[in-house]
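Data block below; observations after.
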Amino acid sequence: MNAIELARTCAAVGNQLEACKAYMLVLHESTGDAPEEEMEAAVYLLQTGGNYKAAYTCFHSLYNRGLFREDCLAIMTEAFYLPNVQELRGRYERNCKLLKKYPYLFRQDIPSFEELTIRFYPFDEVGYIPFYAAEERFGTYINFKNPVISRNFFKDLEGPVLADDVYSQYELEYLADNVRKSEYVGRENHIYLHYTDWKVFCAYLQCIDLRPLLKEQKVVFLIEEEIGEYPIDFKARFGVDYSRYPVRAVGVREISRLIWHTQLSSDNGGDFFNEIFDAHPNLLLQFSVMYDSVERDVIPVIRENLLGARSLREALALYPGWPAQVVTELYCMKSPTDKDILVAWFLSKEECTKSLDPAARITPAVFFQPHFSNINYTFKSGRRNEVMLVGKQLQRIHKAPMFRFKYIKTFSPMRRFTTSYGAAVRSMYYSSQRQDQEDPEAATRNIVPDAISQRACNRSFMRDPDDRLYRDSVVVRFEDGKLNPRATFTALAAFLDIPYTETMTYCSEHGVRDVQTWRDNAIGFDPSTVYRTYDEWANDSERACLEFLLKDAYAFYGYDFHYYDGRPMDEKEIEGLILDFTILDRLSRETWAKVYQPKVIREGMASLTGEEREKLDRQIEEHIAKYRKIRLENARLLMGAPYFINERRQPLGMIPLLELDPALLEQPLYR
């Protein structure tokens, strides 16, 4: 019995639940050659309270394919449009009322609601499907509040911001919140919104809310041919001379935009990206800061001091190095949030503000790279082929109030996995050696852990597309930044919606060019770190295993295999590779020995008695055996085609790779 027969049988006996499941299967399996069955399934689902979105999508598809048009339009209008038309009408009329009084809209021939050329059919709580009656077609789904900035509004700040046909509520509010008032910057600085079709603009007033956009009169609407009036001379036309206003320092709550520079893993090239964005005139940037110190030592301490101050004078005395207006605003603020305190902290630091353009047309964005000593993820196997990705550091960031910015752009530098792995093992080993010299009595020892499992499980290049922190995000390859800097950073600036400035054409730290910001970092655009293989710190079995376990990421992000030959491997072959992790296991043994026998640090292995050495060998081998077991368990999960989910059981997909303009490439893309 096929799906349609099963659905009809269940419907005939009144088993609506099973009938709905079967009709859903009909729609899922449809190839378009049985439209009558699609229509039957959609009608049944809608009538019985089944999956209305599936029914809606089916009616939409059938209509646009020219099938059952009269019936589909009637059903959609009755079920989805008419119950919501009063809300659409009310929003339209409120917007029209505001626009009739607005001084910077120069058209007044606003049509009535009945004359609008587009009808919007609500699809869900946040989105609509437009219907173009004259063309007899439905458009594609629109979420006006989708938290994504889709274009480079702030590419050129020489003149006032000009943008064409912006219909996103999120983007309109973004412009209003991030373009500073003309009175604040001492020059004409309105937002010019050009709409190429007056009737279309009016139709969209059913779905967007202009109130937050118009309240400060920052926007000038230019309709169709009025684009020729850009930019308007406000002094000549309206008698307003903005040059008489002094430039005003940016306030804490003016800043609503976060650029989150994420740490996919250690030794991934993050310092290089910080050096590129250093001294940008539109960013509040400081080099990597430890997340723990910000969460534990910065925000709560500032909050306690400010809330404990008995007067503004006392608060100012507590922070004599801070700008007075920052302390004053924060102290006088009603219920400052962690986000407010974080912004104030950035504004207080000279290293963050000394390169800012004080008269910039836009408010600066906070450029934040909270750093962890290491990023640890684990896998939990679920039903069928599900693999749950669990990461404590990411959980902490999701819960952190300091990340509650209204606008968030996220970018994640990525370096070839085997390269960053070798560099990380080296860093871990050096860290252990430094501790031996500087603090041999430390109760907690730095060790070389199971770095292969850490890398294989660290799939923080995957995201839940509905995750607020990753909704608007890209991955940027370290190798592209080094080998094709112009193409990479032009594209990254466009994604982040900042100007591509001269400061992004070189590397610097606090404005000082071409300095080595960390031991073993290559200076500037020196590509040597792209080609390092770290042979002392990783062998071919370790690297081949890592490539096999991350083969989907290699394919998606454009890396060729250098150690794995690309053929399928069975469990026995994987186990053979794991048994040959000679470098990693040797370094782990060496550093774990100092945990179990601290006197090895001071006196060396020769100081151990035969009994002590035998016990130590057993302890270490138990540790290595545990590592090997975990590696094999992870390999079993990754050998097939795992379906990755997060702890909310939402599916995870790859974060998009930043796309470069081929015309700007100086060298072929690194593979």
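The values are calculated or read from the model by the stated rules, or taken from the named source; none is laboratory data. These numbers were taken from a predicted model, which means no experiment stands behind them. Because the Cβ atoms are built from the backbone with ideal geometry, glycine has one as well, and the counts that use them run over all protein chains shown. Accessible surface is based on the protein model in full, side chains and every heavy atom, while ligands, DNA and RNA are left aside. Shrake-Rupley method; radii C 1.70, N 1.55, O 1.52, S 1.80 Å.
Under 9 Å between Cβ atoms, at least 6 apart or on separate chains: pull out the pairs that start in the stretch 507-536 with a residue that is assigned to a strand (DSSP E or B) and end on any residue that is aromatic (Phe, Trp, Tyr) and surrounded by 13 or more Cβ atoms within 10 Å (Cβ to Cβ).
The qualifying pairs are Glu509/Phe287; Arg513/Tyr506.
Taking Pro358 as the residue in question, decide whether it is within 15 Å of Glu254 (Cβ to Cβ), open to solvent by 60 Å² or more (accessible area, probe 1.4 Å) and not hydroxyl-bearing (Ser, Thr, Tyr).
yes
Run down Ser588, Ser607 and say which single residue is open to solvent by less than 80 Å² (accessible area, probe 1.4 Å), out of contact with any Pro (no Cβ under 8 Å at 6 or more places or on another chain) and either over 22 Å from Phe461 (Cβ atoms) or at pLDDT below 90 (or both).
Answer to the check: Ser607.
Can you say whether Tyr564 is under 27 Å from Val475 (Cβ atoms), in contact (Cβ under 8 Å) with a residue 40 or more places away in the chain, assigned to a loop (DSSP other than H, G, I, E, B) and under 33 Å from the mean Cα position of the chain (by Cα), as far as the supplied structure shows?
no
Given the criteria buried (at least 17 other Cβ atoms within 10 Å of the Cβ) and not in a helix (DSSP H, G or I), does Gly32 qualify?
Criteria not met by Gly32.
Considering only the stretch 264-278, state which residues are open to solvent by 20 Å² or more (accessible area, probe 1.4 Å) and in contact with a helix residue (DSSP H, G or I) (Cβ under 8 Å, 6 or more places away or on another chain).
Scanning the stretch 264-278 gives a single hit, Asp267.
Name every residue in the stretch 377-429 that is within 26 Å of Arg649 (Cβ to Cβ) and of a type in the set (Val, Ile, Thr), in order of residue number.
Hits for the stretch 377-429 are Thr378, Val387, Val390, Ile397, Ile408, Thr410.
Select from the stretch 205-248 the residues that are part of a loop (DSSP other than H, G, I, E, B) and open to solvent by 60 Å² or more (accessible area, probe 1.4 Å) and list them in ascending order.
Residues satisfying the conditions are Lys215, Glu216, Gln217, Tyr230, Pro231, Asp233, Gly239, Tyr245, Pro246, Val247, Arg248.
Any idea which of Asn178, Asn152 is under 22 Å from the mean Cα position of the chain (by Cα), open to solvent by 10 Å² or more (accessible area, probe 1.4 Å) and of a type outside the set (A, V, I, L, M)?
That would be Asn152, the only listed residue that is under 22 Å from the mean Cα position of the chain (by Cα), open to solvent by 10 Å² or more (accessible area, probe 1.4 Å) and of a type outside the set (A, V, I, L, M).
Which residue pairs have Cβ atoms closer than 8 Å, lie 6 or more positions apart in sequence or on different chains, and pair a first residue in the stretch 12-25 that is under 23 Å from Phe59 (Cβ atoms) and part of a loop (DSSP other than H, G, I, E, B) with a second residue that is open to solvent by 60 Å² or more (accessible area, probe 1.4 Å) and small (Gly, Ala, Ser)?
Close Cβ pairs satisfying both conditions: none exist.
Hey, Phe273 hits all of (1) within 19 Å of the chain's Cα centre (by Cα); (2) among the aromatic types (Phe, Trp, Tyr); (3) farther than 23 Å from Asn458 by Cβ but one; which does it fall short on?
For Phe273, the failing item is (3).
Pairs please, first residue from the stretch 540-558 and modelled with pLDDT under 95, second anywhere and not hydroxyl-bearing (Ser, Thr, Tyr), Cβ atoms under 9 Å, 6+ apart in sequence or on different chains.
Final answer for the pair search is none.
Within the stretch 594-604, restricting attention to residues that are exposed (fewer than 12 other Cβ atoms within 10 Å of the Cβ) and not small (Gly, Ala, Ser), which residue is nearest to Asp436 (Cα to Cα)?
Arg602
Tell me, which residue of the stretch 113-145 that is polar (S, T, N, Q) and open to solvent by 50 Å² or more (accessible area, probe 1.4 Å) is nearest to Lys218 (Cα to Cα)?
It comes out as Thr117.
Suppose we filter the stretch 280-309 for residues that are in a loop (DSSP other than H, G, I, E, B) and open to solvent by 20 Å² or more (accessible area, probe 1.4 Å); how many remain?
3
Does any residue of the stretch 250-266 turn out to be acidic (Asp, Glu) and modelled with pLDDT under 95?
Within the stretch 250-266, none of the residues are acidic (Asp, Glu) and modelled with pLDDT under 95.
Out of (1) in a loop (DSSP other than H, G, I, E, B); (2) in contact with a Lys or Arg (Cβ under 7 Å, 6 or more places away or on another chain); (3) crowded, with 18+ Cβ neighbours inside 10 Å, the odd one out for Tyr500 is which?
Answer for Tyr500: the failing condition is (2).
Sort out which residues of the stretch 44-77 are among the polar types (S, T, N, Q) and either part of a loop (DSSP other than H, G, I, E, B) or within 34 Å of the chain's Cα centre (by Cα) (or both), and write them in order of number.
Those that are among the polar types (S, T, N, Q) and either part of a loop (DSSP other than H, G, I, E, B) or within 34 Å of the chain's Cα centre (by Cα) (or both): Thr48, Asn51, Thr57, Ser61.
In the stretch 301-334, which residues are of a type in the set (S, T, N, Q) and in contact (Cβ under 8 Å) with a residue 12 or more places away in the chain?
Asn305, Gln325, Thr328
Can you confirm whether Tyr192 is of a type in the set (Phe, Trp, Tyr), outside any helix (DSSP H, G or I) and open to solvent by less than 10 Å² (accessible area, probe 1.4 Å)?
yes
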